[in-house]
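What follows is a short report on a single structure.
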C-alpha cells in the first residue's frame, strides 16, 4: 500500500498505531481555520438578519420546556447559553454552528486517516466538506443540522478506530456520540441502527462475545438507560402531540357546528 498504508486486521494495537499514516496537522489546521474564518466573514457582511428557525430556537431557549418541544432540547439549551454569553449578536450566535462545522472538517480528516489515508487523502476529505453546499449552509445557521452532522462524524470516527484495532475507549466514544446525537436530533437513530447491524455482521461482534467491554459495563448500562429515557420521553412527546391534535379536531368540530347554527339563525331572521 506504499507509504500511506493501512492497518491490518491482525496487527496489534501498538503496531497499528506505529504503521498508521501521520496526521497532517498543519494542513488540517489551516483548512479548519479557513472554514471558521469563512463563516465569520460571511456573517459579518451579510445584509440579512436571523433566519426564522433561529428565532424559534432562541424563543424555545428563553421559554424552556425540555421534553414538550417538537425537537430534542440540545439546540434550545445552546441558544440560551449563547444568549447568556454574546447576547442577541448574530455573529456571536452563529459562532456555534461555525465551530461545529469546523469540527466536522477535522473529523472528516481524522476518518480519512483511520481508513489508511495519507496527507493527500486527509486534505481531500477536508476540502470536500469545506466545498460542499450541504455543509456550508448548515454550518452558517443556528440549527441542529450541523450538530447532527458532528455527532454522525464522531460516531463514524469511533467505528473506524474500532475497525483499526483500538481499545474499548472507542466503544465509549461511539456511545457518547450516539447519546449526544439523541439530544440533538432523533435522526441519529438511523446511523445507530446501521452501526449496530455493521457490528453484528463484522468481526467487531467478537468483542461482544469475549467480554472486552466487561470493564465498562457500568458506563454502558448508564448509556443504555439514557437512551431508553430519551426514547420514553420521545414517546411521551408524541402522545402529547397526538392528544393536542385530537383536541384541535374536536374544537374544530365544535366551531363548525356553531358556524352552521349561526348561519341557520341568520337565514331564519332574513326569512
Evaluate the stretch 77-95: report whether one residue or more is under 13 Å from residue 35 (Cα atoms) and either at pLDDT 95 or above or out of contact with any strand residue (DSSP E or B) (no Cβ under 8 Å at 6 or more places or on another chain) (or both).
-> yes
Please verify whether the stretch 129-137 includes one or more residues that are in a helix (DSSP H, G or I) and buried (at least 23 other Cβ atoms within 10 Å of the Cβ).
-> yes
Residues that are in contact (Cβ under 8 Å) with a residue 12 or more places away in the chain, within 16 Å of residue 141 (Cα to Cα) and over 21 Å from the mean Cα position of the chain (by Cα), drawn from the stretch 47-82 = 49, 50
The helices (runs of 4 or more DSSP H) lying entirely within the stretch 21-116 that contain at least 2 residues which are crowded, with 19+ Cβ neighbours inside 10 Å are 25-45, 52-62, 74-86, 95-114
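Of the residues 146, 123, only one is surrounded by 21 or more Cβ atoms within 10 Å (Cβ to Cβ), assigned by TED's automatic domain parsing to the domain that holds residue 76 and in contact (Cβ under 8 Å) with a residue 24 or more places away in the chain; which?
Step by step, each of 146, 123 is checked, and only 146 is surrounded by 21 or more Cβ atoms within 10 Å (Cβ to Cβ), assigned by TED's automatic domain parsing to the domain that holds residue 76 and in contact (Cβ under 8 Å) with a residue 24 or more places away in the chain.
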Condition met for residue 174 (surrounded by 21 or more Cβ atoms within 10 Å (Cβ to Cβ), in contact with a helix residue (DSSP H, G or I) (Cβ under 7 Å, 6 or more places away or on another chain) and more than 18 Å from residue 57 (Cα to Cα)) | yes
Residue 166 is checked against (1) closer than 29 Å to residue 76 by Cβ; (2) outside any helix (DSSP H, G or I) and fails just one. What number does that condition carry?
-> (1)
Neighbours by Cβ (under 8 Å, 6+ apart or cross-chain): first from the stretch 103-118, touching a residue at least 24 places away in the same chain (Cβ under 8 Å); second assigned to a loop (DSSP other than H, G, I, E, B) and crowded, with 24+ Cβ neighbours inside 10 Å | 104/139
Starting from the stretch 168-190, keep only residues that are assigned by TED's automatic domain parsing to the domain that holds residue 72, then list their pairs with residues that are crowded, with 20+ Cβ neighbours inside 10 Å and not in a helix (DSSP H, G or I) whose Cβ atoms are within a distance under 8 Å, requiring at least 6 positions of separation or different chains.
-> 182/72; 183/72; 184/72; 185/72; 186/72
Considering only residues of the stretch 89-101 that are farther than 20 Å from residue 188 by Cβ and touching a residue at least 24 places away in the same chain (Cβ under 8 Å), which is nearest to the chain's Cα centre (by Cα)?
-> 98
Counted residues, the stretch 177-193 - those being in a helix (DSSP H, G or I) and surrounded by fewer than 16 Cβ atoms within 10 Å (Cβ to Cβ) | 2
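The values are calculated or read from the model by the stated rules, or taken from the named source; none is laboratory data. Keep in mind the model is a prediction, meaning the values are calculated, not measured. Positions of Cβ are generated from backbone atoms using ideal geometry, with glycine treated the same way; all protein chains shown enter the neighbour counts.
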